[in-house]
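The values are calculated or read from the model by the stated rules, or taken from the named source; none is laboratory data. Please read these numbers as outputs of a predicted model, since none were measured by experiment. Note that each Cβ is placed from the backbone with ideal geometry, even for glycine, and that neighbours are counted across all protein chains shown.
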Amino acid sequence: MPPNVSFSELLTEAQQSAVHLEMRDAYGVGDEADDFDHWKRTGDRDADPASAYWAPWVDLIQTATARGVTVRRARVVSEPVTDYIRYEYAGTPVNIHAGEQVRWLPRRLASDLMLPGNDLWIFDGQTLLFNHFTGEGNWTEPGLELRTEPHIVKQCADAFEAVWDRAVPHDQYNLL
């Protein structure tokens, strides 16, 4: 696979699974800054799957799941959670509406797990996409690192599954 392949291309090519491991307590990604600022001021989160903000993501996930791709997202979070995690939590019903399965793992329950140093996506258990962020939570340049070495993909897939097995489904997780 070429090193400059996009996330959308990887998800479009996936046939069975796409898993996402998120481990940061805050992100500062520019394309969601306005929505996050609005939520901080008002407590109102855009949760309309058809909105301009969400529709591209919902379409991408729904297209993948319609092909039979299982999409799972696991979030490792510190408690009490940050404002950013509260913001993510408020938007998670849209992820679920799109077809994702989402679970949350309190960081204190992950202490004995060997986790990768970066957030990641794994497609069909064969292609790994690391997400690189600055300390402030914005994308680095380059922000994505594609890896296909079987031993690295397996280590990360095992880490994801360990988190998934301990994590709490979204509808059962209560923010602290």
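Descriptive notes on the structure:
- Being in a loop (DSSP other than H, G, I, E, B), of a type outside the set (D, E) and within 24 Å of W164 (Cβ to Cβ) holds for only one residue in Q15, Q62, and it is Q15.
- Failed item in (1) touching a strand residue (DSSP E or B) at 6+ places or on another chain (Cβ under 6 Å); (2) closer than 22 Å to R45 by Cα, with N118 passing the rest: (2)
- Top-ranked residue of the stretch 121-139 - restricted to ones that are surrounded by 13 or more Cβ atoms within 10 Å (Cβ to Cβ) and more than 15 Å from V5 (Cβ to Cβ), ranked as modelled with the highest pLDDT: G125
- For the condition free of Cβ contacts under 8 Å to residues at least 40 places away in the same chain and of a type in the set (D, E), D119 does not qualify.
- In the stretch 65-76, residue surrounded by the fewest Cβ atoms within 10 Å (Cβ to Cβ) [restricted to those that are of a type in the set (V, I, T) and not in a helix (DSSP H, G or I)]: T70
- For first residues located in the stretch 147-158 and closer than 15 Å to N118 by Cβ, partners that are part of a helix (DSSP H, G or I) and lie 6+ apart or on another chain with Cβ distances below 9 Å form the pairs R147/V153; R147/C156.
Residues are listed down the side, and each one gets a yes or a no for (1) under 26 Å from S51 (Cα atoms); (2) hydrophobic (A, V, I, L, M, F, W, C); (3) in contact with a Leu (Cβ under 6 Å, 6 or more places away or on another chain):
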position	(1), (2), (3)
V81	no, yes, yes
E88	yes, no, no
V94	yes, yes, no
L109	no, yes, no
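- Residue count for the stretch 148-169, restricted to those that are farther than 17 Å from A110 by Cα and surrounded by 15 or more Cβ atoms within 10 Å (Cβ to Cβ): 1
- Taking the criterion of being in contact with an Asp or Glu (Cβ under 9 Å, 6 or more places away or on another chain) and either under 11 Å from T12 (Cα atoms) or assigned to a loop (DSSP other than H, G, I, E, B) (or both), the residues of the stretch 37-48 that qualify are R45, D46.
- Restricted to the stretch 85-176, the set of strands (runs of 3 or more DSSP E) holding at least 1 residues that are over 14 Å from the mean Cα position of the chain (by Cα) and charged (D, E, K, R) comprises 139-147.
- Test: residue in the stretch 77-84 that is surrounded by 15 or more Cβ atoms within 10 Å (Cβ to Cβ) and part of a strand (DSSP E or B): yes
- Subset of the stretch 63-79 [touching a Leu at 6+ places or on another chain (Cβ under 9 Å) and under 13 Å from P169 (Cβ atoms)]: R73, A74, R75
- Neighbours by Cβ (under 8 Å, 6+ apart or cross-chain): first from the stretch 57-80, within 18 Å of Q126 (Cα to Cα); second of a type in the set (S, T, Y) and surrounded by fewer than 17 Cβ atoms within 10 Å (Cβ to Cβ): A64/T12; V71/T65
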